[in-house]
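Below is one structure, written out as structure tokens, with a few remarks after it.
Just so you know, all these numbers are worked out from the coordinates, no wet-lab data involved. Remember, it's a predicted structure, so these values are computed and weren't measured experimentally. Heads up, the Cβs are rebuilt from the backbone with ideal geometry, glycines too, and the neighbour counts pull from every protein chain shown.
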Amino acid sequence: MVDSLTFFSGVDASLGRELHGTDGTLAGTTIIDTNPGPAGGSPSPLTALQGQLLLQTTTPRRLWTTNEVQLTELFTLHHEGFHGRGSLGI
């Protein structure tokens, strides 16, 4: 749990395995699409640390951090090293 949201990895028929966040209500539940398309990002492990969530996606292999407002990519792992930063709104 991060602040008032609980995060979990779940499967959606059109998005694949993606990160979900919920405040415990249907209206307060959202899917965070870390890898657009049907393959999904397969986020795991999910680790709460100092008010933020850390997670790794395997498709593609990226490290992310999030709070209740924004999902931020820390870096992408490539065979030759790591690259980039970016963010997605929640």
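The set of residues in region 30-79 that are surrounded by fewer than 16 Cβ atoms within 10 Å (Cβ to Cβ), of a type in the set (F, W, Y) and under 17 Å from S9 (Cβ atoms) is empty. In region 9-25 there is at least one residue that is loosely packed, with under 14 Cβ neighbours inside 10 Å and aliphatic (A, V, I, L, M). Just checking, does region 4-23 include any residue being under 21 Å from L74 (Cβ atoms) and not in a strand (DSSP E or B)? No, the conditions are met nowhere in region 4-23. Checking each residue in region 24-55 for being farther than 18 Å from V69 by Cα and part of a strand (DSSP E or B) picks out only G40. Among the criteria (1) in contact (Cβ under 8 Å) with a residue 40 or more places away in the chain; (2) within 16 Å of V2 (Cα to Cα); (3) not hydrophobic (A, V, I, L, M, F, W, C), the one T34 does not fulfil is (2).
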